[in-house]
């Protein structure tokens, strides 16, 4: 009777080990597949995104400065960025302390981005 119980315990242990091995391989292959798709998505996202480079506020054109003073007289400029098209991305710090991102071209025309 004891031999039969030991044999049953060994079989159950072997089944548990086999199950553990299959689960490990499944998790490993899933992680590899997810990592590959993340890399592809990241590359696509980088290609379609506009690239803005941080600039000093002294590099803003006079029409841009005039429009900022008209539209945001009580706000401060938190950051300024420029892309290859001559468009500016401005981070405005409002009087309430909240930040607002606005876009404007070099001639002082506001751009609405979605």
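The values are calculated or read from the model by the stated rules, or taken from the named source; none is laboratory data. From a predicted model like this one, the values you see are computed outputs, not experimental measurements. FYI the Cβ positions are ideal-geometry reconstructions off the backbone, even for glycines, and counts take in every protein chain you see.
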Item to complete: With the checklist (1) under 18 Å from residue 99 (Cβ atoms); (2) modelled with pLDDT of 95 or more in hand, flag the one item residue 62 doesn't pass.
Response: (1)
Worksheet item: What about residue 51, is it under 28 Å from residue 109 (Cβ atoms) and modelled with pLDDT under 95?
Response: yes
